[in-house]
Amino acid sequence: MKFKNIICILFDLDGVLIDGQPLQVKSTIEVLKNYTQCTNEVKLLVNETITTKEKLQILNSKGLIKKKDINKIYSQKIKLFEKIALKKIKCTNRVLNMFKKLNQENFKVGVVTNSNGKTAIKILKKLKIFKFLDILISNSNKIKPKPNPEPYNLAMAKLKAKKKNTLIFEDSPVGILSAKRSGANYYKIRNLNKLNFNFLTKIIKFNHENL
């Protein structure tokens, strides 16, 4: 199966390939309990889809945590999230077969996430799809995070993919805004369990008429 226009597909991680947001929230709250009172205000902030460091900086600006504790909280949260995620997340045929077929069809494929790079690699290996990726962009790339378009722009630049030939799959308002600002085509995932190769090809055919 060949497509004339879409040759590059970029996926977000949390909310697209894994149901990671609840685990992100849980791990952040658990660590914060040791540093501040987890009021409804704090919980609402933690549920936002901005990066953990941005959340911690906001909590610091409100006087709820100390500036000197930000890096410590961040490191502890990453370790806890990784521990929970690697235990809970499992490889599924739905995701694995999708990446296998994309590889067979010679698509350029990448994952673009605001998550910690080392943790993202471990998760992608647990899903058994890391070997099928042409690129991984994470916070380890030292660029501005989503909703800035830099993560997606960097991925397309490294893959030498044109925006009109790229399709991004995102789920959150922050991710959608990043994708939109990048100038590439994008599609909002509302139910990650429906994302498989057949679904993917239908979306590509749909976008094919509009590229």
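No value in this document is a laboratory result; all are computed from the given coordinates. If you're wondering where the values come from, they're calculated on a predicted model, not measured in any experiment. All Cβ positions, glycine included, derive from the backbone under ideal geometry; neighbour counts span all protein chains shown.
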> So LYS67 fits all but one of (1) touching a residue at least 60 places away in the same chain (Cβ under 8 Å); (2) surrounded by fewer than 16 Cβ atoms within 10 Å (Cβ to Cβ); what number is the exception?
Replying inline: (1)
> Of everything in the range 106-164 that's among the aromatic types (Phe, Trp, Tyr) and assigned to a helix (DSSP H, G or I), which residue is farthest from THR92 (Cα to Cα)?
Replying inline: TYR152
